[in-house]
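Derivation of every value follows stated rules applied to the coordinates shown; laboratory data play no part. Since the model is a prediction, treat every value here as computed from it, not as a measurement. Methodologically, a virtual Cβ is constructed for each residue, glycine included, from the backbone with ideal geometry; neighbour enumeration extends over all protein chains shown.
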Amino acid sequence: MIDLRSDTVTKPTPAMREAMSQAEVGDDVFGDDPTVARLEELAAGLLGKAAGMFVPSGTQSNLCALLVHCGRGDEYIVGQTAHTYLFEGGGAAVLGGIQPQPLDQADDGTLPLDRVGAFVKPDDFHYARTRLLCLENTTWGKVLPFEYLGAAREFTDERGLALHLDGARIFNAAIASGKSAELIAEHFDSVSICLSKGLGAPVGSVLVASEDFIKEAKRWRKMLGGGMRQSGVIAAAGIHALENQVNRLADDHENARALAVGLAGISGLEVDPVQTNMVFVESQKINPAFLAEGLQERGILISGYPGQKIRLVTHLGICRKDIETVIHAFQEACAT
Ligand SMILES: *Cc1c(COP(=O)(O)O)cnc(C)c1O
């Protein structure tokens, strides 16, 4: 099957499995796992931060960060369709008593700072205390404009807010923009990265920030059930991913562009411009669920929800030949 549902469907390569099998391990709750320590240091270094914390998922990573930044009755400002707000079960509100203030993103994925400013609450007991601005990069496949990141920092400094980045796909942003992940992370107090997306590791995320911040975050991680024991076995996969599978994200982007060009040539399909590894497709004529069924019969998995754009994601399990196969299958499925 050619699986375009997400870049989370990647499987560890033989070299990655080899690295996992060789990993030196210890009980990481005691701070004894040298491989986890090495991953945390590597990720922190790549993003220009002092310390890192390995966690099982990006959801837990973002939640730990929010819990450090905000207390009960505090508020964070976040995109209406940001993962942290929309796809993490409302964890900040449920488990942290943190009120989200979701705002619509602009077409380029940014939260316009004048609009954010209008929603920062005054210091008055009627309101929650606005503490944090949370951004996402890439967001729905889009790279936030580089200048926006510095402007967001200036804005949050003026307003006394902290700045968190959900950088689940920060390396896609780096590869697409030619800016290093460190430069993209520079203005943020905390950054969460996913190892289990396009980077191809089976499990895990790393939260990076200052030493003090990570010390606090480790308290929350333990409370949330994220203290792991001989987790060097999976951390080794993360190290392998960061050392060997970052630059190849360029292939995913190229494959996504080729896919977009091919699909744009099919009558009835409208394709959004592609920046990274995601292609968004819409059809006025064909029901996405019906299209998904037609493609599945041809060996291709996509997720099609009625009324939504179809999202196709390229990753290390998809090669250029697969793209040709997919374009051909779309031509057939759209013709029926
Ligand atoms: C996948 C993802 C996360 C976290 O995901 P987990 O599935 O919990 O690892 C966070 N933010 C974004 C933008 C993501 O795509």
Q: Take each of the peptides 45-55, 27-37, 60-70, average the number of other beta-carbon atoms within 10 Å over its residues, and list them starting from the highest.
A: 60-70, 45-55, 27-37
Q: For the range 329-336, take each phi angle, set θ = phi - 60°, evaluate the Karplus expression 6.51 cos²θ - 1.76 cosθ + 1.60, and give the result in whole Hz per residue in order, putting x for glycine and proline.
A: 5, 4, 4, 5, 5, 6, 7, 7
Q.
Using the Karplus curve 6.51 cos²θ - 1.76 cosθ + 1.60 with θ = phi - 60°, what ³J(HN,Hα) values do you get for each residue of the range 240-252, in whole Hz, with x for Gly and Pro?
A. 4, 4, 5, 7, 10, 10, 7, 5, 6, 4, 4, 5, 4
Q: Rounded to the nearest 500, what is the 222 nm mean residue ellipticity of the chain from helices alone, with -39500 (n - 2.57) per DSSP H run of 4+ residues and division by all residues?
A: -13000 deg cm²/dmol
Q) Can you list the residues, at least 5 places off or on another chain, whose amide H is less than 5 Å from the amide H of Thr130, using H built in the peptide plane? A) Glu75, Lys121
**Q.** Residue-wise HN-Hα coupling along the range 304-310, computed from phi with Karplus coefficients 6.51, -1.76, 1.60 (Hz; x: Gly, Pro)
**A.** x, 10, x, x, 10, 5, 7
Q | Built amide H within the under 5 Å cut-off of Gly79, gap 5+ | A | Leu103
Q | Footprinting exposure proxy for Phe280, Phe87 (fewest neighbouring C-beta atoms within 10 Å first) | A | Phe87, Phe280
Q: State to the nearest 20 debye the size of the charge dipole of the chain about its Cα centre, where the only charges are +1 on K and R beta carbons and -1 on D and E beta carbons.
A: 520
(Q) Could you list Ser6, Ser190 so that the one with the fewest beta carbons within 10 Å of its beta carbon is first and the one with the most is last? (A) Ser6, Ser190
**Q.** Percent RCO, i.e. relative contact order, over the chain, from Cα pairs under 8 Å lying at least 6 residues apart
**A.** 25
Q: Output the antiparallel fraction of DSSP beta bridges having both residues in the chain, as a percent to the nearest 5.
A: 45
Q. Can you give me the pair-distance distribution of the range 248-335, C-alpha pairs, 5 Å bins, whole percents?
A. 3, 16, 28, 29, 18, 6, 1, 0
Q: Could you please state, rounded to a whole Å, how far the C-alpha centre of the range 145-211 is from the C-alpha centre of the range 247-317?
A: 26
Q) P(r) tail for the range 42-128, what percent of Cα pairs lie past 16 Å? A) 61
Q: Only Lys, Arg, Asp and Glu count, each charged at its Cβ (+1, +1, -1, -1), so figure out the dipole size of the range 13-159 about its Cα centre, rounded to 20 debye.
A: 260
Q.
Given the range 183-327, report the % of alpha carbon pairs whose separation exceeds 19 Å.
A. 64
Q | Rotationally averaged projected area of the chain (alpha carbon convex hull; nm²) | A | 17.0
